[in-house]
1. Condition first: over 16 Å from L392 (Cβ atoms) and open to solvent by less than 20 Å² (accessible area, probe 1.4 Å). Now tell me which residues in region 481-495 satisfy that.
2. Could you run through region 332-357 and say how many residues are part of a loop (DSSP other than H, G, I, E, B) and in contact with a helix residue (DSSP H, G or I) (Cβ under 7 Å, 6 or more places away or on another chain)?
3. Quickly run through region 810-841 and pick out the residues that are more than 15 Å from K702 (Cα to Cα) and open to solvent by less than 40 Å² (accessible area, probe 1.4 Å).
4. Which residue pairs have Cβ atoms closer than 7 Å, lie 6 or more positions apart in sequence or on different chains, and pair a first residue in region 222-233 that is assigned by TED's automatic domain parsing to the domain that holds K48 with a second residue that is hydroxyl-bearing (S, T, Y) and surrounded by 23 or more Cβ atoms within 10 Å (Cβ to Cβ)?
5. Which condition number in (1) among the hydrophobic types (A, V, I, L, M, F, W, C); (2) in the same structural domain as A327 (by TED's automatic domain parsing); (3) surrounded by fewer than 24 Cβ atoms within 10 Å (Cβ to Cβ) is the one that M676 fails?
6. With respect to V367, is the statement that it is in contact with a Ser or Thr (Cβ under 9 Å, 6 or more places away or on another chain), crowded, with 20+ Cβ neighbours inside 10 Å and hydrophobic (A, V, I, L, M, F, W, C) true?
7. Cβ-Cβ below 6 Å, separation at least six or inter-chain, first residue in region 454-466 and open to solvent by less than 10 Å² (accessible area, probe 1.4 Å) and away from the ligand (no atom under 15 Å from the Cβ), second in a strand (DSSP E or B) and not hydrophobic (A, V, I, L, M, F, W, C): which pairs?
8. Starting from residues that are in a loop (DSSP other than H, G, I, E, B) and out of contact with any Asp or Glu (no Cβ under 9 Å at 6 or more places or on another chain), keep the ones in region 531-552 and report whichever is most open to solvent (accessible area, probe 1.4 Å).
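The values are calculated or read from the model by the stated rules, or taken from the named source; none is laboratory data. These figures come from a predicted structure and were not determined experimentally. As a convention, Cβ positions derive from the backbone with ideal geometry for all residues, glycine included, and neighbour counts pool all protein chains shown. We work out accessible area using only protein heavy atoms, side chains counted, and drop any ligands, DNA or RNA first. Shrake-Rupley method; radii C 1.70, N 1.55, O 1.52, S 1.80 Å.
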Amino acid sequence: MTDRVNTDLPQQLSPTDWHTLTPGQVEQMLQTGRGGLAQEEARQRLTKYGFNRLAPPKKRGPLLRFLLQFHNLLLYVMMGAAVITASLGYWIDTGVLMMAVVLNAIIGFIQEGKAESALDAIRDMLSPHATVIRDGQHHDIDAGDLVPGDMVALVSGDRVPADLRLINVRDLRIEEAALTGESLPVEKNTETAEPDTPLGDRYGMAYSGTLVIYGKAVGVVVATGAQTELGKINQMLSEIRNLATPLLRKVDYFARQLAFFILGLSALTFVLGTLWRGHSPQDMFMMVVALTASAIPEGLPAIMTVTLALGVRRMARRNAIVRLLPAVEALGSVTVICSDKTGTLTRNEMTVQRIICAEHRVNVEGVGYEPSGELCIDGRCITAAEYPELALAIRAGVLCNDARLLNEEGRWWVEGDPTEGALLVLGAKAGLTLNEPNENAWPRIDAIPFESQHRFMATYHCDSQQEPWIFVKGAPERILDMCRTQLGSNGEQELDVDYWRRMSNDMAAQGLRLLALACKRSAPKSDLLDHNDMESDFVMIALLGIMDPPREEAVQAVRECHRAGIRVKMITGDHVETARAIGEKLNIGVGKPALTGAEVAVMDDETLRNVAMEVDVFARAAPEHKLRLVQALQESGQVVAMTGDGVNDAPALKCADVGVAMGMKGTEAAKEASDMVLADDNFATIASAVREGRAVYDNLKKFILFMLPTNGGEVLVVIAAILFELTLPLTPAQVLWINMATSGTLGLALAFEPAERGIMDRRPRPPGEALLSGFFIWRVLMVSVIIMIGALGVFLWELNAGTSLEVARTMAVNIVVVCEVFYLFNSRFILKSVLSREGLTGNRYILLAVAACIPLQLAYTYLPIMQTIFNSASLSLLEWGKVLAAGLLLFLLAELEKFIVRRTGLAARLGLG
Ligand code: ATP
């Protein structure tokens, strides 16, 4: 460890052929050592060398972003129209058209900014971490804080956080596709290489951005940020999202088709109006422009994006960080959630409760990580020293262990694997701690780390007499296979496999997690531990039963999922009986058979397809079983969310419709393969993300249901007037005004709509369901016609009664706007009634939008300048009364329609309720 602060390192580390230097030389050059840098030194180096980050890709500047808003079919049409109106000398119309164009662009610009900032906030939540050794201790830090000279520990699943010269390597395999394009993993060592060795053959180096597939290592940071090989080719890794999702693309396509349809309709109207009805081409042209402007759903794609982005932000607040936007849509239609058990459905706070030795069964008191509690046999408190095999079991658990038990301000917590933490707590309860080097220390010479595919961990030590010991801990059936004898009070005895199996089943049936401990009093065949040393001749010491209670909130979330028509399946590496017992507590797979990974492995695809839906608990499952299960479920038409944390879970996560990685215990590899990361590793978070996913989809539907009929109403008014040779109730400039005043404000408020109560009582939405169902088309037509009748009807009535054209038109404009305002409230719930406090006031953005609309309409009606521009006129109270009555009528009719649909059971048949 370097405890003094170095000031003599150069400002810029010269590009060095680090691969040609031995680890010792590298350490010397970078003035570091096996204990890493001192914190103070690291801080100084950080100011000298900067953060270990690559420059983010250049974003489009605000000006360019604003200009790009004009690249939009509708705006092209409007700008073209403005040019023509200008050439005809209609300056006011030209002015209004241009104002509408600019306003549309501004609204688009603001909306896009909102979507982007919602996503930017999330990006920061996913910054990678690294395990660094500083002051001789392991620390988990933000990878951006690494400096040259830092010692970094790598384990499987890690993304290498900076360029490292490897110092110490254990079966390390790294996939370097990010750098070399080669997807086969490379076996690493600590050897030096010739200066001109290509990157892919420098076995003693680990490069930033590459992925640890297997094993572990320690390396010294030789380059950070832009100085790394990855930085030199200036490539950002896995730049997350882009804003296009299948649904948005569909909507975009729909909007474009609608636009072309409307352009066609406008052309037809123009021809009919001039040739058949004999209107002047100038008038007809202006009318057609108004028609186009009122009908093309210019805001649709933008508002959809905002809705999606806001949904993503809401999910992030609830700890579900969406990496890929399509996941939001998929979440809304998930039918099966396959979840890990440990830490997701359970609390991952392990406590050893039972120790089974060959001749004794010991109960351990106390819960949690606080190391207080007695050891008891048949209700009598004992000390471990009285029973040598018990003492050895506890020692094995403490030695064969990578976790640390810490006490901060009176609170005990574990750094590392909670299963191992539980063994340290057990050690502390029995008075065996290794925090200080003492005669208990039994220094570790080598270790085989725990990998879930092997289900064991082994360490090699020498005791205070320099005698060799190998300890192993792991899944009982795996450990029993390695053992020849067992340890009794009088030393080694013949192994009683039946006894251990019986004890395992007993404890597992109580929902306890199992761990077996064994030892061998010899040295490995070579100097270091090897998988060959693990095959036989071990002595079984004890079996531990570890409690990991289900999370309270997971129990409720599972219940919620069941109500929502979603099946929850538990896929765990744990013992089948433990899995079944925990499943029972969570109400997963009760009364149904459970399957083991081995059983899944021998099934053909067809059989697996048949049982996959029936079985809810899969135990002793390995990542490849997860993959087959996802595929089987998908083949039988399910939309699957699958959780995972290990490097080998990546294929299953990628294959699932929604791959969910654990944010806390998950590897970088799993996170990068996932669509969504759970910041708190909690199953309940998945359920709330499903809820949000459904809400987002609902909001998109609500927005469409709001926007299409309000555009449709205006179109119908104009077309009817042309066809029936009526005086136009809305002039082109007035139509544009309505769009300007309402399109940006009202509809957007629906993007903020919270999830409806009862949203989790519905069945999942069928994937690929059309956005516009028959019911939707009916609703759009109904509302359009009512708006048309209201505006046109009142307009004609007023003209008949001798009201001036200006006043009648002002009333028509206000009727359309007021109808939109009233209908906005209807749109809050697709089928539920909004006639309640919650329904009318539950979304304050709607109230704000309406509040913004009122002064605009008053200005439109009463301000002299507006009256000059738009030919509007002041209205009397009575006239306002009629305007409001039209809006209220639409509101009541829409509620009546919902009521009938609900009552007749049509909603259920349409899959809407
Ligand atoms: P899940 O897949 O639900 O997260 P899990 O965490 O129990 O389940 P694994 O981590 O694969 O699954 O563990 C499988 C088995 O390996 C456990 O039942 C236990 O017996 C054993 N085991 C778990 N952790 C360790 C460890 N750190 N050292 C040795 N053995 C372990």
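1. M482
2. The qualifying residues number 7.
3. Taking region 810-841 as the starting set, the residues that turn out to be more than 15 Å from K702 (Cα to Cα) are 810-819, 835-838, 840-841.
Selection gives T810, M811, A812, V813, N814, I815, V816, V817, V818, C819.
4. T228/S208; E229/S208; L230/S208
5. Status for M676: all satisfied but (3).
6. Criteria not met by V367.
7. H461/R444
8. D537
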